[in-house]
Amino acid sequence: MTRSRSAKSMELVFLILIIGLHIGLSVLSSDQTNDDAFISFRYARNLVEGNGLVFNPGERVEGYTNFLWVMIMAGVMPFSDPVVMSKILGVTCNILLIVSVWLFCRRCSGWLVWVAPLYVALDPAVLRWGTRGLETSLFGMLLWLGIYLAVTQKDDLSTQNKNSSRSIGA
């Protein structure tokens, strides 16, 4: 089913409004940072300062469970406050989650393209954990993006296989 240009434009405008609403609500709920986030920040700071991936210099204890997030925080730490950057990155991951849900739902027909991204954008857990300084939003976005890519790749492969079998039979 193909959508008209005006329907696609309406969907895009709606997506932009949803993202704007999500950003506004995220700003309103960004007053807290989870205390566990400071563990990641400390490991990142010690790495940036040349002490290695340690909580305390001279002690070799692995006390983090989010290697990728620690590496990302180490990458942004020289440029800005890790608390602020973790919140910006969390909300950015939420935005990418909303966009990937929207892209997936565009493959379906009907109301899902409107409701699903709005639900994700307004979900209290998504809003809360996007601004708490932890890797939760990154994990959720990567998980959903993986599902989206797996489904779309499977559909693309099945379409290619159908086309290949038609050309072989012709």
Residues of segment 31-53 being open to solvent by less than 50 Å² (accessible area, probe 1.4 Å) and either closer than 14 Å to PRO82 by Cα or at pLDDT 95 or above (or both), which ones?
THR33, ASN34, ALA37, SER40, PHE41, TYR43, ALA44, ASN46
Pull out all pairs, ordered by first then second residue, where Cβ-Cβ is under 8 Å, the residues are six or more apart or on different chains, the first lies in segment 143-155 and is within 15 Å of ASN94 (Cα to Cα), and the second is modelled with pLDDT of 90 or more and open to solvent by 70 Å² or more (accessible area, probe 1.4 Å).
LEU145/LEU96
Taking into account only those residues within segment 1-30 that are of a type in the set (Gly, Ala, Ser), surrounded by fewer than 16 Cβ atoms within 10 Å (Cβ to Cβ) and assigned to a helix (DSSP H, G or I), which is modelled with the lowest pLDDT?
ALA7
Please determine, by comparing only the residues of segment 55-71 that are out of contact with any Phe, Trp or Tyr (no Cβ under 7 Å at 6 or more places or on another chain) and open to solvent by less than 50 Å² (accessible area, probe 1.4 Å), which one is farthest from VAL126 (Cα to Cα).
ASN56
Quick one: count up the residues across segment 88-116 that are open to solvent by less than 30 Å² (accessible area, probe 1.4 Å) and modelled with pLDDT of 95 or more.
6
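The values are calculated or read from the model by the stated rules, or taken from the named source; none is laboratory data. This structure is a prediction, so every number in the text was calculated from the model and none was measured. A quick note on method: Cβ atoms are made from the backbone with ideal geometry, for glycine too, and the neighbour counts reach across all protein chains shown. Note: accessible area is taken over every heavy atom of the protein model, side chains too, but ligands, DNA and RNA are not part of it. Shrake-Rupley method; radii C 1.70, N 1.55, O 1.52, S 1.80 Å.
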